[in-house]
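> The structure under discussion is supplied below as structure tokens; questions concerning it will follow.
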Amino acid sequence: MHQNPNNWRGVFYHNKMDYRIIVPKQNPMLGYTLNFSSPLTYLGLIAIAVIIIAFSVLS
């Protein structure tokens, strides 16, 4: 599923039919990437940003 070139927009993976949040990159030797069609991806990125900002403000 993740190797279909139609699911890739540049380096970004978009596939609404794929339930996974983290998927292997087109070349699996290069690691993993996020499925940017999943709303959980954006919630996770926002949560990470909020945590980083909170730590920088509180310290």
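The values are calculated or read from the model by the stated rules, or taken from the named source; none is laboratory data. This is a predicted model, so every value here is computed, not measured. All Cβ positions, glycine included, derive from the backbone under ideal geometry; neighbour counts span all protein chains shown.
Results for (1) under 11 Å from His2 (Cβ atoms); (2) in a strand (DSSP E or B), shown as yes or no for each residue.
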{"position": "Arg20", "(1), (2)": "yes, no"}
{"position": "Gln26", "(1), (2)": "yes, no"}
{"position": "Leu34", "(1), (2)": "no, yes"}
{"position": "Gly44", "(1), (2)": "no, no"}
{"position": "Val50", "(1), (2)": "no, no"}
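> Residues in the stretch 1-39 that are among the hydrophobic types (A, V, I, L, M, F, W, C) and surrounded by 12 or more Cβ atoms within 10 Å (Cβ to Cβ): how many?
Within the stretch 1-39, residues that are among the hydrophobic types (A, V, I, L, M, F, W, C) and surrounded by 12 or more Cβ atoms within 10 Å (Cβ to Cβ) number 7.
Each row is one residue, and each column tells you yes or no for (1) more than 8 Å from the chain's Cα centre (by Cα); (2) modelled with pLDDT of 95 or more; (3) of a type in the set (A, V, I, L, M, F, W, C).
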position	(1), (2), (3)
Met17	yes, no, yes
Arg20	yes, no, no
Gln26	yes, no, no
Leu34	no, yes, yes
Thr41	no, yes, no
Gly44	yes, yes, no
Ala47	yes, yes, yes
Ile52	yes, yes, yes
Leu58	yes, no, yes
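> Filter the stretch 40-59 for residues that are surrounded by fewer than 10 Cβ atoms within 10 Å (Cβ to Cβ) and hydroxyl-bearing (Ser, Thr, Tyr) and give the result.
Scanning the stretch 40-59 gives Ser56, Ser59.
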